[in-house]
1. In Å and whole numbers, how far do the C-alpha atoms of the chain stretch along each principal axis, longest first?
2. Per residue of the chain, what 222 nm ellipticity follows from adding -39500 (n - 2.57) for every DSSP H run with n ≥ 4, rounded to the nearest 500?
3. What residue among L23, H33, Q80 has its Cα farthest toward the positive end of the dipole of the chain, where the charges are +1 on Lys, Arg and -1 on Asp, Glu, each on the Cβ?
4. Taking the Cα centre as origin and putting +1 on Lys and Arg beta-carbons and -1 on Asp and Glu beta-carbons, what dipole magnitude results for the range 1-78, to the nearest 20 debye?
5. What angle, in degrees between 0 and 90 and rounded to the nearest 10, separates the Cα long axis of helix 68-80 from the longest principal axis of the Cα atoms of the chain?
Amino acid sequence: MPPGPLAPTARRLMKAVIGLELLGVLGAYGLFHKMNNSQDFRATMNRRFPAVLEVYYQSNEWGGLYGTRERDQEAWSAKQD
């Protein structure tokens with residue numbers, strides 16, 4: 001059975017969707033990596049996007065890494081004093 005007239009369009013659309021998903025995954029990994037390595041960046045995220053920082057803390061706790069939230073809060077409160 002020969003491909004229909006929409007086959008090239010569907011193929012292009014599928015490639016675009018896969019490309020967007022790949023960009024989303026890479027962006028999420030980049031954000032996680034930057035938050036994981038920089039307490040100052042986590043402070044910025046706390047001021048601008050506290051919900052995103054909460055997801056970061058929860059993902060660490062689900063992965064068995066505890067104490068990051070507490071260390072950050074201690075450091076940030078020490079800077080305010």
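1. If we take the Cα atoms of the chain, the spans are 73, 25, 18 Å.
2. Numbers: 4 runs with 67 residues, N = 81.
Helices in the chain give a 222 nm mean residue ellipticity of -27500 deg cm²/dmol.
3. Final value for the positive-end residue is L23.
4. Values: 9 positive and 7 negative charges, 97 e Å.
Here the size comes out at about 460 debye.
5. That helix lies at roughly 50 degrees to the long axis.
FYI, it's all coordinate maths here, none of it is from the lab. All values derive from a computational prediction rather than experimental measurement. Cβ sites come from the backbone with ideal geometry, for glycine too, and all protein chains shown count toward neighbours.
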